[in-house]
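K.L.:
To start, I am sharing the structure in question, which I have written as structure tokens.
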Amino acid sequence: MFTANTTLMLVATFLPVLGALVLLLVPKDQRRVFEIGSLLIMIASLLLSLPFWFGYDRASDAVQWAGAWNWIPALGVKFSVGMDGISLLLWLLTTFIGPIAIACSFSAILERHKEYYIWMLVLQTAMLGVFITQDMFLFYLFWEVMLVPMYFLIAIWGGPQKLYAAIKLFLYTLAGSVLMLVALLAIYFLQHQTTGVYDFSLASFQAMAPVIAQQSKSYQTLMALAFFVGFAIKVPMFPFHTWLPDAHVQAPTAGSVILAAILLKMGTYGFVRFLLPIMPTATKELLPWFIGLSLIGIIYGALVAMIQKDMKKLVAYSSVSHLGLCMLGLFALNPYGIKGGLFQMINHGISTSGLFLAVGIVYERRHTRMIADFGGLSKSMPIFATIFMIMTMSSIGLPLLNGFIGEGVILMGSFQAFPWAAVVATLGIILGAAYMLWMFQRVMFGPITEVNEKMEDLNLREILYFAPLVVAAFWIGLYPGPIMAVMDAPVRKLVEQVTPGFHAAQDLAVKQAIAAKLGMQGMAAPAAHHDAAPAGHEAAPAGHAAPHAEPAHGAPAQGGGHQ
Amino acid sequence: MTGFSQGLLDALLRDTHLILPQLFLMTVATLMLWPGDLMFSRAEKHKWAPITLLVLAITAVLVTRTTEGEGFSRMFRMDGLTRGFQMLCVLGCAGAVALSVRLLDSLKQQTVEYYALILFSLSGMLFLCGASDLISIYFSVELMAICIYILVAYLRDRATSVEAGMKYFLLGAFSSGILVYGISLLYGAAGGTTTNLADLNQALALAPKSSSLLVFSGVLMVLVGMGFKVAAVPFHMWSPDAYEGAPTPITTLMATAPKAAGLAAILRVFGTGFHGVSSDWVLPLSYIAGASMILGNIAAVNQQSMKRLLAYSSIAHVGYMLLGVLSGDPQAGAQAVWLYMAIYIVMNTGAFAVVIYLQGQGEGERIEDFKGLGRKRPVLAFAMMVFLLSLAGIPPLVGFFGKFYLFKLAIEQGYVTLTVLALLTSAVSAYYYLGVVSQMYFREPEGEAIPMGAASVFIVTLACILVLVGTAFGPWLLDWAGKIFLA
């Protein structure tokens, strides 16, 4: 049924919830047991997940470590799991953030420890589950389950408006996902009509893409919109973002960290995994709208962030802006754009977690998050100031740090697809640098007040939970290759699903360009002509209309035509 | 003459096995009233609850053993649909009986008639599940409902209880009038030949065009009458008042067993009898379903009383289940409705068990009374949360599975708009269910926790486990649902 590797993956996924069941038996005044116990469980889950990074076959675009158990045969529902590179990265991001979120809660959570850590562990399993499922029914299950622990985390341990924020998060997301459920079922029946079997597997849904493309235009638009709204609320894209600032501001630090690092990624993951491969035609039809909303999100998020007086709200709105950028990359629908979007998802997870943790640090010490209450903190908290700076720089995309790579690749991709959109997005990035640096300046520099002078710098525990984020930010910034390599094959497959023949066309264009170049040289030095010819011959069987590149002037025109 | 009576006797003996459970229930209930009431003194009256439960268990066994067939001049039919819904009725009654003990102990008078009434009512429900003739449907509905009118007004010292009983009775009698008038119109439209559902289906199809208005009015009136019985909007007005005023165990009963029986009858009437004239009722019924979902869920949002909240929520749930009745494939519709109803009975009985526990402290009527339950009784509060989230249809709880199966069918049958409406209103329902959850977990408790009765502990535990793990056993649930068929 499941191979050893698949079982290990399931163990890493379900370990948190199993741990939670054990912690359930511990009496509730044992605060230390819950703190250390849940930390150890998260670390164990992280350690169990690491071998998958090394064991992943980067050359293959197949779902790896796949395993399935026939759960409800009558409905075609399987307990089917497995990962490709895209899922793997987000799955690892989740196991990576898990221990950090627990470690930052030790001093922040002052009551009802037992419930808190149990909900955190349940949430972790639900999130990990979303990334490994290969079955739509199972996916929907995990997708919805996630909401309940998050609701409790915000509503019990949140700020003054916690109940409002929690219910808003819950209802908003639920409303989006029920629409998605309808679309899921509609495709499920369409599939039954065409193939005669009931099957909820992701692969069979993706295989439906050509059939869906033949349906009426209104059908396609409605389906795509139902998926779009479900995921856009989660991302959140403008204008579905209104729950996010409330949820972020009211949530406890760890809640914000998980919300920003993982939960928002569910939405972008949904786009990559479901909307794009299942409904590429409809997506392309609606693309101007999607791009427009992404751009509005980038600019609007940045502008609103700029005027915030509350640090946490500022970071929250910066998320709206950054995820708009991710979405822009994904909707470029070319390898650079999608890779950049995925890459930026990881980056945003790291840098925004760091920023929320930093806000949590000052809030724990001063019980205020107002920017105006601070100033000159770099004098009293030098270590903190350094880490905060690294996270700020990572967030605004300074070279050498992770954010730079992601933003750069997204802009490359979106420029290929929509040059004007890339220009607007660049404006958003500049605005991003402005509001982040402005906040940093107001908080860290300037005159220091007496209260702020007494603020203690980071203690060892705090340094320890920041350290992995800092290391990751530098590591990804300096050496992004391995992460890109993991995404290569699955993104290639995705792009093929969205635009069949994309790579062949691109390869052809490249080869023609080379051929043209060599051909031009060939006029000067005829010897080079022999190299150009095979390149043209190779390209021709790829099935695309262009006749193979004959020397000299014919080729440049064709090469140009593809651009 | 002797030949005739001999034939009648033979027919009776031949058909009796179809209604063994009902006969058993009626006999036992009659014996309970006399001489059974002499068996236990007032001090020992709590012993009636286990005895009633035993009777219900035997009834359940009898229901599973009854042979299939049709009898009593084709008035009653025992088939998969009958058996499945009969089991649900017994289940619902068992839950209500087990939860009644504490309430009845607090009363001074002898309480044997309370249990006897439940058994009489149950026999009516069992008849209703299998009634295959409009006349037998009418009789069964009355037998079921009249007992419940009395039970609603059972707390005769309490004004709200009496008022609720009165209201329920008046509106119920009114709706029965409409139902029987509709039946007479259909009888006329069929040429005064039959009220049997299967024959009616053919007769209505052959009815001359000039009588189409007659058929339409008849079908509509039957729809109205049945709508009253299951409290679908706009025929729901009695239900919040009756739910609130009735003794809470009876509220539990009303929300479960009679609804199951009523839906079984609706499925049979519309699935077989009126199947041929579906153009007459599909549109009105879909409006009724949609209105029930909208009004039930929206009206529940502002309730202060827990029982009213559950009343409105049950209106909404009936709205969802009517989607199954609308299904063009009555068989699949019946299966989905049965599955939903079975799940609904489990989670609803669980939720009412918690309400009744709180009532033992003189609370539980208001939603505010739930505050701090998460601190006072963490396990109980957890169970309540599970029931509420399951009612809201949050996966992986079994309530989601029921909704999923039902809505899947509705989309397959092309009711996409209604399904979207159902799903969006169920997102609204999450709001008020979570309102209760937030009282339990986010408010500080007042007062001390009191111990819980053994029966309630058992019911809450069992229901909670079923709701938690039900989805994992989805194939079994579907297997059971697969046994529901309309012969």
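K.L.:
Which one of these does B:PHE473 not meet: (1) closer than 30 Å to B:VAL63 by Cβ; (2) of a type in the set (A, V, I, L, M, F, W, C); (3) facing chain A (nearest Cβ under 9 Å)?
P.N.:
It fails just one condition, (3).
K.L.:
List every residue pair whose Cβ atoms sit under 6 Å apart, with the two residues 6 or more apart in sequence or on different chains, where the first one lies in the range A:68-79 and is facing another protein chain (nearest Cβ under 9 Å) and the second, anywhere, is outside any strand (DSSP E or B) and buried (at least 20 other Cβ atoms within 10 Å of the Cβ).
P.N.:
A:ILE72/B:GLY474; A:VAL77/A:PHE137; A:VAL77/A:PHE200
K.L.:
Starting from residues that are among the β-branched types (Val, Ile, Thr) and under 19 Å from A:GLY406 (Cα atoms), keep the ones in the range A:481-504 and report whichever is farthest from the chain's Cα centre (by Cα).
P.N.:
A:VAL495
K.L.:
All but one of (1) within 14 Å of chain A (Cβ to nearest Cβ); (2) out of contact with any helix residue (DSSP H, G or I) (no Cβ under 7 Å at 6 or more places or on another chain) hold for B:GLN331, so report the exception by its number.
P.N.:
Checking B:GLN331 against (1) within 14 Å of chain A (Cβ to nearest Cβ); (2) out of contact with any helix residue (DSSP H, G or I) (no Cβ under 7 Å at 6 or more places or on another chain), the one that fails is (1).
K.L.:
Quick one: is A:ALA207 more than 14 Å from chain B (Cβ to nearest Cβ) and touching a residue at least 12 places away in the same chain (Cβ under 8 Å)?
P.N.:
Taking the combined requirement at face value, the residue does not satisfy it.
K.L.:
Can you find a residue that is among the aromatic types (Phe, Trp, Tyr) and within 19 Å of A:PHE356 (Cβ to Cβ) anywhere in the range A:387-409?
P.N.:
Yes, the range A:387-409 contains at least one residue that is among the aromatic types (Phe, Trp, Tyr) and within 19 Å of A:PHE356 (Cβ to Cβ).
K.L.:
In addition: Sort through A:VAL33, A:VAL11, A:VAL22 and tell me the only one that's in a helix (DSSP H, G or I), away from chain B (no Cβ under 14 Å), hydrophobic (A, V, I, L, M, F, W, C) and more than 21 Å from A:ILE109 (Cβ to Cβ).
P.N.:
A:VAL11
K.L.:
Which fully enclosed helices (runs of 4 or more DSSP H) of the range A:194-254 have 3 or more residues being surrounded by 20 or more Cβ atoms within 10 Å (Cβ to Cβ)?
P.N.:
Output list reads A:217-234, A:243-250.
K.L.:
Further question: Just one of the numbered conditions (1) within 13 Å of chain B (Cβ to nearest Cβ); (2) in contact (Cβ under 8 Å) with a residue 60 or more places away in the chain; (3) closer than 30 Å to A:GLN220 by Cβ is not true of A:LYS162; which one?
P.N.:
The failed condition is (3).
K.L.:
Tally the residues that are surrounded by fewer than 19 Cβ atoms within 10 Å (Cβ to Cβ) and within 27 Å of A:ASN5 (Cβ to Cβ), restricting the search to the range A:18-55.
P.N.:
Matching residues across the range A:18-55 total 13.
K.L.:
Please give the number of the condition B:HIS17 fails out of (1) closer than 22 Å to B:LEU99 by Cβ; (2) free of Cβ contacts under 8 Å to residues at least 60 places away in the same chain.
P.N.:
Condition (1) is where B:HIS17 drops out.
K.L.:
Out of all the residues in the range B:7-19, which are closer than 11 Å to B:MET78 by Cα and either touching a Leu at 6+ places or on another chain (Cβ under 7 Å) or among the aliphatic types (A, V, I, L, M) (or both)?
P.N.:
B:LEU18, B:ILE19, listed by residue number.
K.L.:
All but one of (1) of a type outside the set (Ser, Thr, Tyr); (2) under 23 Å from B:ALA316 (Cα atoms); (3) assigned to a helix (DSSP H, G or I); (4) at pLDDT below 90 hold for B:PRO234, so report the exception by its number.
P.N.:
All conditions are met except number (3).
K.L.:
Kindly provide the set of residues from the range B:190-211 that are in contact (Cβ under 8 Å) with a residue 60 or more places away in the chain and among the polar types (S, T, N, Q), ordered by number.
P.N.:
Result: B:THR195, B:ASN196, B:ASN201, B:GLN202.
K.L.:
Spot the failing condition for A:ARG112; the list is (1) within 10 Å of another protein chain (Cβ to nearest Cβ); (2) on the phi < 0 side of the Ramachandran plot, and only one is missed.
P.N.:
(2)
K.L.:
Find all pairs meeting these conditions: Cβ atoms under 6 angstrom apart; at least six residues apart or on different chains; first residue within the range A:486-503 and in contact (Cβ under 8 Å) with a residue 40 or more places away in the chain; second residue in a helix (DSSP H, G or I) and small (Gly, Ala, Ser).
P.N.:
Close Cβ pairs satisfying both conditions: A:VAL486/A:GLY85; A:MET487/A:GLY85; A:PRO490/A:GLY85.
K.L.:
Do you know which residues across the range B:197-231 are within 15 Å of B:PHE270 (Cβ to Cβ), of a type outside the set (Lys, Arg) and under 24 Å from the mean Cα position of the chain (by Cα)?
P.N.:
Scanning the range B:197-231 gives B:LEU197, B:VAL219, B:LEU220, B:MET221, B:VAL222, B:LEU223, B:VAL224, B:GLY225, B:MET226, B:GLY227, B:VAL230.
K.L.:
Of the conditions (1) of a type in the set (Phe, Trp, Tyr); (2) closer than 20 Å to A:TYR269 by Cα; (3) facing chain B (nearest Cβ under 10 Å), A:PHE200 fails just one. Which one is it?
P.N.:
(3)
K.L.:
Within the range B:69-77, is there a residue that is of a type in the set (A, V, I, L, M) and part of a helix (DSSP H, G or I)?
P.N.:
Among the residues of the range B:69-77, not one is of a type in the set (A, V, I, L, M) and part of a helix (DSSP H, G or I), which makes the answer no.
K.L.:
Among A:ILE97, A:ILE156, A:ILE118, A:ILE109, which is the only one that is at pLDDT below 90 and assigned to a helix (DSSP H, G or I)?
P.N.:
A:ILE156
K.L.:
So, restricting to helices (runs of 4 or more DSSP H) that lie completely within the range B:365-426, which ones have at least 3 residues that are under 18 Å from A:VAL182 (Cβ atoms) and more than 9 Å from chain A (Cβ to nearest Cβ)?
P.N.:
Helices (runs of 4 or more DSSP H) meeting the threshold: B:398-412.
K.L.:
State all residues of the range B:31-60 that are touching a helix residue (DSSP H, G or I) at 6+ places or on another chain (Cβ under 9 Å) and either outside any helix (DSSP H, G or I) or farther than 29 Å from B:GLY453 by Cβ (or both); if no residue qualifies, say none.
P.N.:
Answer for the range B:31-60, where residues must be touching a helix residue (DSSP H, G or I) at 6+ places or on another chain (Cβ under 9 Å) and either outside any helix (DSSP H, G or I) or farther than 29 Å from B:GLY453 by Cβ (or both): B:MET39, B:PHE40.
K.L.:
Looking at B:ASP133, B:ASP79 in this structure, which one is buried (at least 22 other Cβ atoms within 10 Å of the Cβ) and of a type in the set (D, E, K, R)?
P.N.:
Just a single option satisfies the conditions, and that option is B:ASP133.
K.L.:
Among the residues of the range B:22-36, count how many are within 15 Å of B:GLN110 (Cβ to Cβ) and aromatic (Phe, Trp, Tyr).
P.N.:
1
K.L.:
For the condition small (Gly, Ala, Ser), assigned to a helix (DSSP H, G or I) and over 15 Å from B:VAL230 (Cα atoms), what is the one hit in B:GLY276, B:GLY290, B:GLY296?
P.N.:
Matching residue, one of B:GLY276, B:GLY290, B:GLY296: B:GLY276.
K.L.:
Hey, another quick one. Just one of the numbered conditions (1) more than 10 Å from chain A (Cβ to nearest Cβ); (2) buried (at least 17 other Cβ atoms within 10 Å of the Cβ); (3) within 30 Å of A:LEU179 (Cα to Cα) is not true of B:ILE459; which one?
P.N.:
(3)
K.L.:
Are any residues in the range A:481-518 of a type in the set (S, T, N, Q) and in a helix (DSSP H, G or I), and if so, which ones?
P.N.:
Passing the criteria: A:GLN497, A:GLN506, A:GLN512.
K.L.:
Among the listed residues A:GLN344, A:GLN308, identify the single one that is outside any helix (DSSP H, G or I) and either under 30 Å from A:PHE418 (Cβ atoms) or hydrophobic (A, V, I, L, M, F, W, C) (or both).
P.N.:
A:GLN308
K.L.:
Let me ask something else. Taking the residues in the range A:60-88 that are within 22 Å of the chain's Cα centre (by Cα) and farther than 17 Å from A:MET9 by Cα as candidates, determine which candidate is surrounded by the fewest Cβ atoms within 10 Å (Cβ to Cβ).
P.N.:
A:SER60
K.L.:
For residues that are free of Cβ contacts under 8 Å to residues at least 60 places away in the same chain and touching a Phe, Trp or Tyr at 6+ places or on another chain (Cβ under 6 Å), scanning just the range A:127-155, find the one that is farthest from the other protein chains (Cβ to nearest Cβ).
P.N.:
Once the filter is applied, the top-ranked residue is A:PRO149.
The values are calculated or read from the model by the stated rules, or taken from the named source; none is laboratory data. Being a predicted model, the structure only gives us computed values, none of them experimental. For neighbour counting, all protein chains shown are included, and Cβ atoms are generated from backbone atoms with ideal geometry for every residue, glycine included.
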